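Worksheet: one structure, shown below.
The values are calculated or read from the model by the stated rules, or taken from the named source; none is laboratory data. Because the structure is predicted, anything quoted here is derived from the model rather than measured. Every residue, glycine among them, receives a Cβ derived from its backbone with ideal geometry; neighbour counts consider all protein chains shown.
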Amino acid sequence: MSENMKAVPLPRRYFTPAVIVIAAIAVVGLLFVLARLIFGIGAVTNLSNEFPWGIWIGIDVAAGVALAAGGFTTAALGHIMHKEEYHLITRPALLTAMLGYTFVAAGVGIDLGRYYYIWHPIIMWNGNSALFEVGMCVMIYLTVLYIEFLPIVTERFIGRVNLPGFLKKFNNSIDKLLRILDKGLDKTMFIFIIAGVVLSCLHQSSLGTLMIIAGEKMHPLWQTPVLPLLFLLSAMSVGFPMVIFESYLTSKSFNLKPETHIMSNLGSMVAPLLGIYLSFKIGDMVIRQTFVYLTEFNTASIMFVIEIVIGIVVPLRLFLSPQIQKSPLGLSIAAFLVIFGVFLNRVNSFIVAYTPPYIFENYFPSIGEIFVTAGFIALEILLFRAFVMIFPIVSVPQHSGTKAKFSIRSV
Amino acid sequence: MVDESRRKFLKTTALVGAGITGLSTKTVKAGPKNILDENRMGVLVDTTVCIGCRKCEWACKTAHDLPTQPLDTYEDRSVFEKMRRPDDKALTVVNEYAARETEQFPLNVKVQCMHCDRPACVSACIVGAISKEENGSVIWDTDKCIGCRYCMVACPFQIPAFEFEKAWHPEIRKCDFCFERTKEGKLPACVEICPMEVLTYGTRKSLIERAHQKISLYPDRYVNHVYGQYEVGGTSWLYLASRDFAELQFPKLGTNPAPGVSEAIQHGIFAYFVPPIALYALLGGVMWINKKKAESNKDKEVHHE
Amino acid sequence: MKKLFLILLISFPFVINGQSKFSTTHSNQNLTCSSCHSCTIPTKENPCIKPCPRESMIRVDQKPEEGPRIIVIDKLRDTDIYAPVKFSHLAHAEMSDMTGGCRTCHHYNPPGNVIGCSDCHEVSRNRTDISKPDLKGAYHQQCMTCHRSWSGKTDCIECHAAKEKADLKPVKAKDEKAKRIHPEIKTPDKITYNTKTDRGKLVTFYHNDHTDLFRLECSQCHSNESCAKCHSQIKKPADLKITFAEQHKKCSNCHETKNNCNTCHSNKETERFNHKVSTGFDLSKFHSKLSCIRCHTTPAKFTGLNKDCVTCHGSWSWDNFNHKITGLVLDELHGELDCESCHKEKSYASPSCGDCHDDKTYPKEKPGKLIKR
């Protein structure tokens, strides 16, 4: 089946009404970023000495990293387990991961008080710090992701470098460079693919370690020594749902036939992963006897129950149902619930669960924070659309691929 | 062909592994300074003596070149109506807790960095900018700071403050135990000015001894608890009080060091980079086996045809 | 460790020396070992000296005027941000009569001269011995305990002048030249205590009877009182929870307080104590100037005394009694009679005239001339 599928650029009209709305959000978000750079963090956010971290860390970074897990899970499945039929989803997943991590970096960048010192951890090491580990891993992994993406760039441009004006004379040498790059990458790519998976496992779990040091300041429903394991397991279980959901959206958006076969195959792998995650989550709760906090009717207990029931239990049941397995829509709804669950878990862990000893005013994100976060997500969607249109990312059946503006370079 | 690629594969893997191991030894050494000198200094705060004159607040601001109102404005006691916390503009503040029915005076409690023996901020700081010095101070190198505020998340006492309103070069600020002053043999500014000697400066060891002596001399005056002796593995600043510390809004903390299990987990995952390298090798092996299997399958298919 | 040992070794002869000198002075001072040492056998290595304050080591018995009048506290002038305080020692010494006397402040003083704060408390705050406050801390802890309790103020300018404004006088220093003693205290005549007990809520206390009639000195009752007792701006110590014994302590010096609650407790205000009404023995005539203890020799026991004069005075005769004291100078005729000729009763109450005179009765006719006493 996959033999006649081919990744091609999907040339379409870029701006549709939905895209224009998204672009508007992105512009507002960028304006707030500008405001943050000019007037400082305090002027744009509701952050304070009580709540030093807000949604820029909780959503942009923590949830962003988790939801970009599709990259490493599909890489593990497609390349390491060598299941060739999944190769056609590795590219969209890789793109999502690459863009996702780029915006994680951007999110960190604007949240840092001194963003211009973002390179400091590279030379100033603190092996005890979970954040150092996360920072280093994300930096390296981002590089790895860019390297992994390079073959797609070379594939797109080898033999087609066509710079305008006086740059024309560089066309030949750039083409040569791309070819060398392509050849070198082809031979060494496995190093980066394995490294990518290892790095992901490391920082996905370390992201959990991050909040352990908050100790008593974190609500006991979430504060546990196995937090890194829970983060890793949840990242693993959200990887495929992310691919399913985004493949569904892409197919809708670009008017393609959804890859039902691959989606349901991926879906069948979600249930066990989700099951393991759920059992660890419940087991941890039972062992630490934190279920007593569920009897208190407050934000924390409600959010925890939503996270478990709607984010894990319901999609787990859906993924186990044969009817859902066959329906792309059903699968993507189930996938969305998993995504929602993990997203909520990250928000809960970093924001809802964080209760410092002295609170003057509870934290709720400001308009600026919300727009920056929404703007980054919007920007990510816009870039995804642009990349899919420029680069050979999405696989389409060969016969329908004739719409392509460019002829595809033969391998 | 297969042999060659395998050799190449192993070679690269080994190379990568060796490279990372080389770095790992560096990492171990690169941990931030956390000296626990036997004669490290501390301060014993006897809250039962404090009269809430807030001279320490003035002295602290003056010593740290922070803007301050003139000295005589500090006698205004209306500031006690609200609970205050140290921030980037006031590294120490005094709060007042109303006298109970059986007491004549309200209790005043000075708040500042506790200067933990095993500080969470030192462990947390991404660039290792914060360090525990020989004399007990927990200080930081502001040139290293990237403004990530992880130290604020980590601190169990909610002490480090951040200059949120500064767009360029904001700083983390907290009590530095007057490191620059003590280096010259001077006392911390607050200790020096305190009229009542609520703040007794001395080696942590002698302060603990003195604190327990006070408790046994005046059992009616103090609760039998030296806050900071065991909290989060011990702090350089120690407190005595006439009522339960929870009533004075001191966080109730265990005796485990503040970084908690996070360092253990961190070092467990990264024990000399063995687990990551092992995972790398394992995944490499799996990949190689699967690739070989797929190739042989293809070969078979070709042969069958 | 080595260093410490060396220091010990070098100082050994001095320690021996000091020790012997100390021992001789110690024995002269009538002190028990436990006044200073916490263990039974102190050694040179472990002298187990008790930390200050050592309550039993206080020997200050001076009258207020024996001490200095004004002390300028300027030992800290180099480092302090405020100008030195002119401390009116005399005024404070006089006031301390009502609290604990000199020992209120001089909480450690071995026999000999009265020692000042700086004899024990170190001037430098940066020190190794932290078993007692430094001088600045000692001063303020001493002063503020009272000052804050009665004024409720902690303002520095109450006692200090600011250094940079040395011409500005502190609030308290305005009458430094005056002989500062406590202004006259207007004593209440009657205080009615509303107590919490069920059996007799009210205790009517006639304050001036205790001072005038019973001749109690102020300090006999007001011996351990803080200024706040009267001056408190914050909270009256009377509100504090105290035990039964503490509550009745002042009365139980003279009254039996464990039983007989009704003696003082009643449901309505009680009358002023009147010796004549309560006991039938009129003090006003001849005994008004006596202190209670002259007759009621056993403390807290006031009943069972015989009202007969002879109980105290023995039998009267011309040798030990001048009749003029009664306000009646006997005429010559009666002046030669034995006392018992007229005073038949042992109480020497009204005389009977019937033995000699049929037609005369006392007090209609008098055996002499009345004079003004």
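Screening the candidates B:Gly147, B:Gly136, B:Gly128 for the property of being away from chain A (no Cβ under 14 Å), in contact with a helix residue (DSSP H, G or I) (Cβ under 9 Å, 6 or more places away or on another chain) and small (Gly, Ala, Ser) yields one hit, B:Gly136. Scanning the stretch A:36-82 for residues being touching a strand residue (DSSP E or B) at 6+ places or on another chain (Cβ under 8 Å) and of a type outside the set (A, V, I, L, M, F, W, C) gives a total of 2. Is it the case that some residue within the stretch B:62-76 is assigned by TED's automatic domain parsing to the domain that holds B:Pro170, under 21 Å from C:His160 (Cβ atoms), aliphatic (A, V, I, L, M) and in contact with a Gly (Cβ under 9 Å, 6 or more places away or on another chain)? Checked the stretch B:62-76: no residue is assigned by TED's automatic domain parsing to the domain that holds B:Pro170, under 21 Å from C:His160 (Cβ atoms), aliphatic (A, V, I, L, M) and in contact with a Gly (Cβ under 9 Å, 6 or more places away or on another chain). The set of residues from the stretch C:321-373 being of a type in the set (Gly, Ala, Ser) and within 22 Å of C:Val310 (Cα to Cα) comprises C:Gly327, C:Gly335, C:Ser341, C:Ser347, C:Ala349, C:Ser350, C:Ser352.
Out of A:Arg288, A:Arg346, A:Arg317, I need the residue that is basic (Lys, Arg) and touching a helix residue (DSSP H, G or I) at 6+ places or on another chain (Cβ under 7 Å). Which one? A:Arg346 is the lone residue from the list that is basic (Lys, Arg) and touching a helix residue (DSSP H, G or I) at 6+ places or on another chain (Cβ under 7 Å).
For the stretch B:122-138, filtering for residues that are surrounded by fewer than 24 Cβ atoms within 10 Å (Cβ to Cβ) and closer than 15 Å to A:Asn126 by Cβ leaves 2. Of the residues in the stretch A:128-163, how many are closer than 20 Å to A:Phe391 by Cβ and either outside any loop (DSSP other than H, G, I, E, B) or not small (Gly, Ala, Ser) (or both)? Residues in the stretch A:128-163 being closer than 20 Å to A:Phe391 by Cβ and either outside any loop (DSSP other than H, G, I, E, B) or not small (Gly, Ala, Ser) (or both): 21 in total. Scan the stretch B:79-95 and give yes if some residue there is over 29 Å from B:Met152 (Cβ atoms) and not in a helix (DSSP H, G or I), otherwise no. No, that holds for no residue. Among the residues making up the stretch B:24-51, those that are at pLDDT 85 or above and either buried (at least 21 other Cβ atoms within 10 Å of the Cβ) or farther than 26 Å from B:Ile208 by Cβ (or both) are B:Met41, B:Gly42, B:Val43, B:Leu44, B:Val45, B:Asp46, B:Thr47, B:Val49, B:Cys50, B:Ile51. Applying a threshold of 7 Å to beta carbon distances and a minimum spacing of six or more residues, or different chains, the list of pairs starting in the stretch A:4-16 at a residue that is farther than 13 Å from A:Ala386 by Cβ and ending at one that is of a type in the set (Gly, Ala, Ser) and assigned to a loop (DSSP other than H, G, I, E, B) reads A:Val8/A:Ala404. Each residue in the stretch A:219-231 was checked for being surrounded by fewer than 22 Cβ atoms within 10 Å (Cβ to Cβ) and outside any loop (DSSP other than H, G, I, E, B), and 2 pass. Within the stretch A:164-193, the set of residues being of a type in the set (Phe, Trp, Tyr) and either assigned to a loop (DSSP other than H, G, I, E, B) or more than 23 Å from A:Phe72 (Cβ to Cβ) (or both) comprises A:Phe166, A:Phe170. Of the helices (runs of 4 or more DSSP H) lying entirely inside the stretch B:204-305, those carrying at least 1 residues that are aromatic (Phe, Trp, Tyr) and either touching a Ser or Thr at 6+ places or on another chain (Cβ under 8 Å) or at pLDDT 95 or above (or both) are B:274-304. Of all residues in the stretch B:78-108, those that are more than 10 Å from every other protein chain (Cβ to nearest Cβ) and of a type in the set (S, T, N, Q) total 3. The helices (runs of 4 or more DSSP H) found entirely in the stretch B:97-183 that carry 1 or more residues being under 18 Å from the mean Cα position of the chain (by Cα) and among the small types (Gly, Ala, Ser) are B:120-124, B:150-154.
Quick grid of which residues meet (1) surrounded by fewer than 24 Cβ atoms within 10 Å (Cβ to Cβ); (2) within 11 Å of chain B (Cβ to nearest Cβ):
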| residue | (1), (2) |
| --- | --- |
| A:Gly165 | yes, no |
| A:Lys168 | yes, no |
| A:Leu181 | yes, no |
| A:Phe192 | yes, yes |
| A:Ala195 | yes, yes |
| A:Met211 | no, yes |
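Every condition in (1) more than 14 Å from every other protein chain (Cβ to nearest Cβ); (2) touching a residue at least 60 places away in the same chain (Cβ under 8 Å) holds for A:Pro151 except the one numbered (2).
Can you find a residue that is facing chain B (nearest Cβ under 9 Å) and closer than 19 Å to B:Cys125 by Cβ anywhere in the stretch A:65-81? Scanning the stretch A:65-81 turns up no residue that is facing chain B (nearest Cβ under 9 Å) and closer than 19 Å to B:Cys125 by Cβ. In a residue-by-residue description of the stretch C:324-336, the property of being touching a Cys at 6+ places or on another chain (Cβ under 9 Å), without any contact (Cβ under 8 Å) to a residue 60 or more places away in the chain and surrounded by 14 or more Cβ atoms within 10 Å (Cβ to Cβ) applies to at least one position. Filtering C:Ile293, C:Ile325 for residues that are assigned to a helix (DSSP H, G or I) and modelled with pLDDT under 75 leaves a single hit, C:Ile293.
Filtered by the rule that a residue be among the hydroxyl-bearing types (Ser, Thr, Tyr) and modelled with pLDDT of 95 or more, the stretch B:78-96 gives a lone residue, B:Thr92. If you go through the stretch B:160-181 and pick out every residue that is facing another protein chain (nearest Cβ under 9 Å) and closer than 24 Å to A:Pro357 by Cβ, you end up with 9.
Annotation note: of A:Val28, A:Val65, A:Val61, A:Val19, the sole residue that is at pLDDT 95 or above and not basic (Lys, Arg) is A:Val28. If B:Ala120 satisfies every condition in (1) within 14 Å of chain A (Cβ to nearest Cβ); (2) of a type outside the set (S, T, N, Q); (3) touching an Asp or Glu at 6+ places or on another chain (Cβ under 8 Å) but one, which is the exception? Exception for B:Ala120: condition (3). Here C:Cys339 clears all of (1) surrounded by fewer than 12 Cβ atoms within 10 Å (Cβ to Cβ); (2) within 27 Å of C:Arg294 (Cα to Cα) except the condition numbered (1). One residue stands out among those in the stretch A:68-83 that are of a type in the set (A, V, I, L, M, F, W, C) and part of a helix (DSSP H, G or I): the one that is surrounded by the most Cβ atoms within 10 Å (Cβ to Cβ), which is A:Phe72. Kindly indicate whether any position in the stretch A:25-46 is assigned to a loop (DSSP other than H, G, I, E, B) and under 25 Å from A:Asn345 (Cβ atoms). Yes.
Scanning the stretch A:345-402 for residues that are among the acidic types (Asp, Glu), within 14 Å of another protein chain (Cβ to nearest Cβ) and part of a helix (DSSP H, G or I) gives a single hit, A:Glu369.
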